[in-house]
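Q: Once you've had a glance at the structure underneath, I'll fire off some questions.
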Amino acid sequence: MTDFDNKLLDILSRVFRIDQGEITDNLKRKDFEPWDSMAHLMLISEIENEFEIFFEDEEVVDIWTVGDLKKILNQKMSP
């Protein structure tokens, strides 16, 4: 697992208050009660601070799974 993956898992675990082992790419906002609108905003803020990036509004609303989040992050982190 890369440093990037470890940092992201740590953030997800802290924001959702769950064990990292429970986090998969298929974890969905609509099916996971702790991932409410407030947790979503906290998650975005934590990721922006940790990775020193900025999400556009369209990107924030397009994140429905951990896999979506990773895809957008990978695009932003690529040179």
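Q: Can you tell me how many residues in region 20-62 are among the acidic types (Asp, Glu) and in contact with a helix residue (DSSP H, G or I) (Cβ under 7 Å, 6 or more places away or on another chain)?
A: Residues in region 20-62 being among the acidic types (Asp, Glu) and in contact with a helix residue (DSSP H, G or I) (Cβ under 7 Å, 6 or more places away or on another chain): 5 in total.
Q: Also: Out of the residues in region 1-28 meeting the condition of being of a type in the set (Ser, Thr, Tyr) and surrounded by fewer than 14 Cβ atoms within 10 Å (Cβ to Cβ), tell me which one is modelled with the highest pLDDT.
A: THR24
Q: Taking the stated definitions as given, is ASN26 polar (S, T, N, Q), in a helix (DSSP H, G or I) and out of contact with any Gly (no Cβ under 6 Å at 6 or more places or on another chain)?
A: no
Q: Please go through region 46-64 and give me each residue that is closer than 19 Å to ASN6 by Cβ and not aliphatic (A, V, I, L, M), ordered by number.
A: GLU46, GLU48, ASN49, GLU50, PHE51, GLU52
Q: Count, please, the residues in region 29-52 that happen to be in a loop (DSSP other than H, G, I, E, B) and surrounded by fewer than 13 Cβ atoms within 10 Å (Cβ to Cβ).
A: 6
Q: Now a separate question. Could you give every pair whose Cβ atoms fall below 8 Å, whose first residue belongs to region 62-79 and is within 17 Å of LEU27 (Cβ to Cβ) and without any contact (Cβ under 8 Å) to a residue 60 or more places away in the chain, and whose second residue is in a helix (DSSP H, G or I) and not charged (D, E, K, R), counting only separations of at least 6 or pairs across chains?
A: From region 62-79, the pairs are ASP62/ILE72; ILE63/HIS40; ILE63/ILE44; ILE63/LEU69; ILE63/ILE72; VAL66/LEU12.
The values are calculated or read from the model by the stated rules, or taken from the named source; none is laboratory data. These figures come from a predicted structure and were not determined experimentally. Ideal geometry is used to build each Cβ from the backbone, glycine not excepted, and the neighbour counts take in all protein chains shown.
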